[in-house]
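Structure record follows, encoded as structure tokens.
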Amino acid sequence: MDLNTLLDTLVDKGLRRELPTREEALAVLAASDDDVLDVVAAAGKVRRHWFGRRVKLNYLVNLKSGLCPEDCTYCSQRLGSQAGILKYTWLKPDQAAEAARAGVAGGAKRVCLVASGRGPTDRDVDRVSETIAAIKERNADVEVCACLGLLSEGQAERLREAGADAYNHNLNTSEEMYGDICTTHDFSDRVETVRQAQGAGLSACSGLIAGMGESDEDLVDVVFALRALDPDSVPVNFLIPFEGTPLAKEWNLTPRRALRILAMVRFVCPDVEVRVSGGREVHLRSLQPLALHLANSIFLGDYLTSEGQAGKADLEMIADAGFEVEEAGRTTLPGHRTTGAGGGAGAAAPEADAEAEAEADGPAEAPRTDLVAVRRRGAGTDLAPNA
């Protein structure tokens, strides 16, 4: 199938919410750099069909940073990490609410409360519940998403009762590759936590990390697994190779490769909130505006342990690219998703040719370590946040 026919087929399927074949998804990843704008234009038709030109802003508040007992190789907060990140224990509810206020003032509709660790204790759930109340007392309409790790029985329900709107727990990579990036828990643990959140009536948020040395097949596997799990939002992270972590040398992405990955996610998950997340400044760089034609959601300002570009620059980028910030009170998801309609998965197809994949990525690029800046402002510090 030639590229134009492939893209026409994928657009048609995206508008009908029909799952592409694995062969089609792999072909998007294998497209050449010369064709990347055609790929973006096609996936952009699907994005605009379901979400118009709206961009949802989300804001991260890192409630507890560093000293995690898990050994996830990609994470600067992992057990044994030598990354020089901020480390602090739980923020108090008023501190977290003040940090969230900056993001909401910058236009964020959703505040994402994140804490390092394997999973919350019941006391931790109490803390987060108090924090949710403090945030909603100041900003009644803001959405709150919690990201606290693996959940125990009943904890999702308690978070929902406390006012949480969503729960994030990423699958990160394929089930086959998962043992290569973490040994302290497995892929099924992550799937189970997402299902617990869904069962409690929370909007599920689950995504992936690209750039960890995975194959195209791994990327397609995890995105198809996400489609089957049917979260409402899918954050696409690009590995930030922190010095002091096992994946510090994994500089595998180019801006064009990152765009193809986002396009593939949009074709497989056409009607979900696709969020371009951590690492966009590092790997998309000057092509960040093109990502808005694929993703309908971004994080404003800084990430958990690294700095993002200035919040003002994010807002200018959205406006300059012809998009608009999604206003408070506007429902993000299409109507059929807010009434409980689900996704689905399709049959497997032959794998893409490895040589074509290598050609698509073009020549290797020098690592841009200068773009990795450890967060030193906002939550856990005395400095003003970036929003």
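Any chance you could check the Cα centroid distance between the range 14-41 and the range 54-120 for me, in angstrom? If we compute the Cα centre of each part, the gap is 33 Å. Does the chain classify as rounded, prolate or oblate by the C-alpha gyration tensor (a ≥ b ≥ c root eigenvalues; a/c under 1.5 gives rounded; else a/b over b/c gives prolate, otherwise oblate)? Rounded. Counting only residues at least eight positions apart within a chain, or on another chain, the lysines with an alpha carbon under 21 Å from that of Lys136 are Lys56, Lys64, Lys92, Lys109. Here the accessible area of the range 252-316 is 61 percent carbon and sulfur, with a 1.4 angstrom probe and all protein chains present. The simple spin-label model puts a point 7 Å past each Cα toward its Cβ; for Thr121 and Ala384 those points are separated by 3.7 nm.
Taking the square root of 5 times each eigenvalue of the Cα gyration tensor, what semi-axes in Å does the equivalent ellipsoid of the range 47-120 have, largest first?
For the range 47-120, the ellipsoid semi-axes come out as 28, 18, 10 Å.
The equivalent ellipsoid that matches the C-alpha gyration tensor of the range 161-277 spans semi-axes of 23, 17, 13 angstrom, in descending order. Amide H to amide H distances under 5 Å link Arg275 with Val234, Val236, where only residues 5 or more positions off or on other chains count and H is placed in the peptide plane.
In a fully extended conformation the segment linking Asp180 and Glu192 would gain 2.3 nm over its present Cα-Cα distance, using 0.36 nm per residue. Selection among His185, Ala146, Trp90 by position relative to the dipole of the chain gives Trp90 as farthest towards the positive end (Cβ unit charges, Cα centre).
Accessible surface for the range 130-183, divided over its residues, is 43 Å² per residue with a 1.4 Å probe.
The distance between label points at Glu243 and Asp320 comes to 2.9 nm (points 7 Å beyond Cα on the Cα→Cβ vector). Reducing the range 208-237 and the range 322-339 to their Cα centroids gives an inter-centroid distance of 23 Å. Solvent exposure of Arg160, expressed as accessible area, is near 100 Å², computed with a probe of 1.4 Å over the protein chains only.
The values are calculated or read from the model by the stated rules, or taken from the named source; none is laboratory data. Predicted, not measured: the structure shown is a model, and the values here were computed from it. Ideal geometry is used to build each Cβ from the backbone, glycine not excepted, and the neighbour counts take in all protein chains shown. Surface areas here come from the heavy atoms of the whole protein model, side chains and all, with no ligands, DNA or RNA. Shrake-Rupley method; radii C 1.70, N 1.55, O 1.52, S 1.80 Å.
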